Amino acid sequence: MLKKYRTKPYTVLCYEALYRRLKDNYRNNKVLNQEYLNYITGYRGEQTVDYKLSTYPHKNFYIYHDLRLKINHNYFQIDTLLLSSKFIIILEIKNWRGELNYNSDLNHITQTFNNVEKGYQNPISQVLSHEVQLNSWLQATSVFGIPIESLVVISNPTTILKNNQNDPTFYSKVIYADNLISKINEFNSKYTKNVVNKQMLNKINEALLKGNIDYRPDVIQQFNLNDNHFIRGVQCDHCGSYPMVRAYKTWKCNECLYTNPTAHVRPLLDYFLLHKPTITNSECRAYLQLDSLKNAYTLLNSMDLTYTGKNKARKYHAPKLADFPQNSFVPNKKRVRLDL
Ligand SMILES: [Zn+2]
């Protein structure tokens, strides 16, 4: 039973919002492109593994994608967690390409791809530390005695794995996505005794969902951006000009005469991703380059956002992560490729 499904994480959504809101000459930034590529590649690898898992008849498991939990002031993030009344499995998903060389003495992985070598933190240490952290988290939730297994799942079937020192831990912990189901079956045969009852299982489920705190990057601070880097108002998704002008219940581009009554929706959602999780009427007017208080009121109310406060102090709140659009639309897309 899928209890928490995967959506694009904030990291990916925020970078995509940056591509939409940055002026053309700032969009094609090498660091930005590389970091976005890393995040989107990771996300796609996770989706590949989600698909493999969806073919498994998992009625005895609760499945959670992208869980970020807090223990002792530290956060730890689990790509996928499978919970049953007998045991828990943690999956760390790696969408690494090329050849991976594992060195158990150095506790290190070296990737060779397109003749470029790159080092990574040992993913086995990573999952082992997740086991410890999850165990502490469960104890803090008054759950004891449930065994935890963990696996590193390589999502790309063409990746070559090399374990030159024949470390047995590597063979038991690192698998290809194609072997995930048989590995789960192995655990099923190993753990046959119920260690938590149905009531406790539901308690863990509720605690996991409630304890999840999604990571939101502050990309403006990270890239040291200010108002001069961003386009002003609503950009025409036909020709790329801005700002579009609001008149007669629609947005009109004065360059190409394209009209779109809902052209404000995506920019407002991007405001939440990039600037703040709330917006007031006056912030909305400044951001969308609107003169009319009433227009801003109408547009904000048309978006079905929750709000707090009254009149001028009213704050409209960002939707939940799962409610952000999942497509990677960028106006005037010919200048930037998002499907890297
Ligand atoms: Zn236009």
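The values are calculated or read from the model by the stated rules, or taken from the named source; none is laboratory data. Source: prediction; values computed, not measured. No Cβ is skipped: glycine too gets one built from the backbone with ideal geometry, and neighbour counts run over all protein chains shown. All accessible areas refer to the heavy atoms of the entire protein, side chains included, with ligands and DNA or RNA removed. Shrake-Rupley method; radii C 1.70, N 1.55, O 1.52, S 1.80 Å.
Counting residues in the stretch 75-93 that are surrounded by fewer than 21 Cβ atoms within 10 Å (Cβ to Cβ), over 14 Å from the mean Cα position of the chain (by Cα), modelled with pLDDT under 95 and of a type in the set (S, T, N, Q) gives zero.
Just to be sure before I move on: is Thr158 of a type in the set (Ser, Thr, Tyr), open to solvent by 90 Å² or more (accessible area, probe 1.4 Å) and farther than 27 Å from Gly42 by Cα in the structure I sent? Here the answer is no, as Thr158 does not meet what is asked. Here Ile109 does not qualify as assigned to a strand (DSSP E or B), open to solvent by less than 20 Å² (accessible area, probe 1.4 Å), of a type outside the set (D, E, K, R) and closer than 30 Å to Pro57 by Cα. Would you point out which residue out of Ile204, Ile181 is part of a helix (DSSP H, G or I), away from the ligand (no atom under 16 Å from the Cβ), open to solvent by 30 Å² or more (accessible area, probe 1.4 Å) and in contact with a Phe, Trp or Tyr (Cβ under 9 Å, 6 or more places away or on another chain)? Selected residue: Ile181, the only one of Ile204, Ile181 that is part of a helix (DSSP H, G or I), away from the ligand (no atom under 16 Å from the Cβ), open to solvent by 30 Å² or more (accessible area, probe 1.4 Å) and in contact with a Phe, Trp or Tyr (Cβ under 9 Å, 6 or more places away or on another chain). A single entry from Val174, Val234 fulfils the requirement of being open to solvent by less than 70 Å² (accessible area, probe 1.4 Å) and more than 16 Å from the ligand (Cβ to nearest atom): Val174.
Only one of (1) open to solvent by 20 Å² or more (accessible area, probe 1.4 Å); (2) modelled with pLDDT of 95 or more; (3) not basic (Lys, Arg) is not met by Val31, so which one is it? In the conditions (1) open to solvent by 20 Å² or more (accessible area, probe 1.4 Å); (2) modelled with pLDDT of 95 or more; (3) not basic (Lys, Arg), Val31 misses (2) alone. Filtering the stretch 148-178 to residues that are part of a strand (DSSP E or B) and of a type in the set (Val, Ile, Thr) leaves Ile148, Val152, Val153, Ile154, Ile160, Val174, Ile175. With respect to the conditions (1) more than 16 Å from the ligand (Cβ to nearest atom); (2) assigned to a loop (DSSP other than H, G, I, E, B); (3) under 28 Å from Ala286 (Cα atoms), Ile213 lacks only one, and its number is (3).
With respect to (1) farther than 23 Å from Thr48 by Cα; (2) modelled with pLDDT under 95; (3) of a type outside the set (A, V, I, L, M), the lone exception for Tyr171 is condition (1). Of all the numbered requirements in (1) farther than 26 Å from Leu201 by Cα; (2) modelled with pLDDT under 95, Lys4 misses one, and that requirement is (1). Tally the residues that are free of Cβ contacts under 8 Å to residues at least 12 places away in the same chain and on the phi < 0 side of the Ramachandran plot, restricting the search to the stretch 191-224. Adding up the residues that qualify gives 7. Count of the stretch 49-70 residues, restricted to those that are closer than 20 Å to Ala322 by Cβ, open to solvent by less than 60 Å² (accessible area, probe 1.4 Å) and not hydrophobic (A, V, I, L, M, F, W, C), is 6. Among residues of the stretch 255-266 being within 11 Å of the ligand (Cβ to nearest atom) and free of Cβ contacts under 8 Å to residues at least 12 places away in the same chain, the one that is farthest from Asn301 (Cα to Cα) is Leu257. For the stretch 293-318, filtered to residues that are touching a residue at least 40 places away in the same chain (Cβ under 8 Å) and open to solvent by 30 Å² or more (accessible area, probe 1.4 Å), the residue that is farthest from Tyr271 (Cα to Cα) is Asn295.
Yes or no, residue by residue, for (1) on the phi > 0 side of the Ramachandran plot; (2) within 16 Å of the ligand (Cβ to nearest atom):
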position	(1), (2)
Tyr248	yes, no
Cys253	no, yes
Leu268	no, no
Leu273	no, no
Ala296	no, no
Met303	no, no
